[in-house]
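Just below is one structure, and these are the notes that go with it.
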Amino acid sequence: MIRASLVLFSALALNAAAAPAATCSGPNPAIVSVAVSNVSTNGSLNTYNITGTVRNMGSQGQPSNTLQFVDISQYGNKLDSKGIPPLAAGQSYRFNYQWQRNVEARRGSTPLEFRIRMAQGSDCNPANGVGHLTF
């Protein structure tokens, strides 16, 4: 049951998190994937392990003083933030997030948004800095 659900969640994630590839002049951190990588059950709770990837799609690397995060939200409410290190041009970084919900929760009832937030640094194409996942 869990393995079948994992396949379905992964398929949904591929459609939900695809970000358009765009190269621009400068650093361009983009969320290129967000997917449920594993589900474990403990009593009445399922724990969803979510893996996301941020890639610098730009033509330049980010300076060492870049300060950036992936903010994780649901219905506009920020749940958590994951720090992302400065990335060279073409470099990727994976982040992980866990979400718990009741085993009886309806499929497709949990939407999450993953959005890059630049606290210090630049992003020449902020439009590709968001990913969505519904499971």
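The values are calculated or read from the model by the stated rules, or taken from the named source; none is laboratory data. These numbers come from a predicted model, not from an experiment. Here the Cβ positions follow ideal geometry from the backbone for every residue, glycine too, while neighbour counts run over all protein chains shown.
Quick one: which residue in G131, G52, G108, G76 is of a type in the set (G, A, S), farther than 25 Å from S25 by Cβ and within 9 Å of the chain's Cα centre (by Cα)?
On inspection, the qualifying residue turns out to be G52.
Count of the stretch 91-135 residues, restricted to those that are more than 15 Å from T47 (Cβ to Cβ) and aromatic (F, W, Y), is 3.
Taken together, the residues in the stretch 109-135 that are farther than 19 Å from N49 by Cβ and in a strand (DSSP E or B) amount to 7.
Scanning the stretch 44-90 for residues that are within 30 Å of A105 (Cα to Cα) and without any contact (Cβ under 8 Å) to a residue 40 or more places away in the chain yields Q74, Y75, G76, N77, K78, L79, D80, S81, K82, G83. Tell me yes or no: at least one residue of the stretch 97-108 is closer than 16 Å to T53 by Cβ and either modelled with pLDDT of 95 or more or not polar (S, T, N, Q) (or both). Checked against the condition, which is being closer than 16 Å to T53 by Cβ and either modelled with pLDDT of 95 or more or not polar (S, T, N, Q) (or both), the stretch 97-108 yields at least one hit.
Please state which one of G129, G52 is touching a Pro at 6+ places or on another chain (Cβ under 7 Å), surrounded by 15 or more Cβ atoms within 10 Å (Cβ to Cβ) and not aliphatic (A, V, I, L, M). Being touching a Pro at 6+ places or on another chain (Cβ under 7 Å), surrounded by 15 or more Cβ atoms within 10 Å (Cβ to Cβ) and not aliphatic (A, V, I, L, M) holds for just one of G129, G52, which is G129. Looking across S64, S5, S40, S10, one residue alone is modelled with pLDDT of 95 or more, of a type in the set (G, A, S) and either in a strand (DSSP E or B) or surrounded by 12 or more Cβ atoms within 10 Å (Cβ to Cβ) (or both). It is S40.
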